[in-house]
């Protein structure tokens, strides 16, 4: 027996019955999985120095240095969209008024202070209050 499609073409009755065939629900596409694995393997083989140094981590460090826009795009895709604090609570946000406060917090936490935050590399910008006069428009 043949079934007639809505476009008028005939197909065998044993093919493409509703609810039969195809990839089972929850099973990933094999082609996508193979491509993903091959991409990761290739990046690991290239590494940081084109000879596999530090594998995938080395490759990602190199991309972060040489192609920061691409790296940020990758980070945006893999980082969670919502961030929660300790035990699922709200995130504790700290505001720092000076670079010295940031450096002190990094040191307290045992985090190395990046070169660009050191005193000699930071330009001190101070806001100056400007008083309006009656002759000012606005």
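Derivation of every value follows stated rules applied to the coordinates shown; laboratory data play no part. Just so we're clear, the structure is a prediction, and the values are computed from it rather than from any experiment. Every residue, glycine as well, gets a Cβ built from its backbone with ideal geometry; the counts of neighbours run over all protein chains shown.
Observations on the structure shown:
- The overall shape of the range 27-80 is oblate: from the C-alpha gyration tensor, with semi-axes ordered a ≥ b ≥ c, the ratio a/c is 1.5 or greater and a/b is no larger than b/c.
- Burial ordering of 53, 109, fewest other beta-carbon atoms within 10 Å first: 109, 53
- Diffusion constant of the range 25-120 at 37 °C, which comes from Stokes-Einstein with the Kirkwood Cα-pair radius and 0.692 mPa s, µm²/s: 191 µm²/s
- The listed peptides 63-70, 90-97, ordered by packing as a protection proxy, come out as 63-70, 90-97 (highest mean of other Cβ atoms within 10 Å first).
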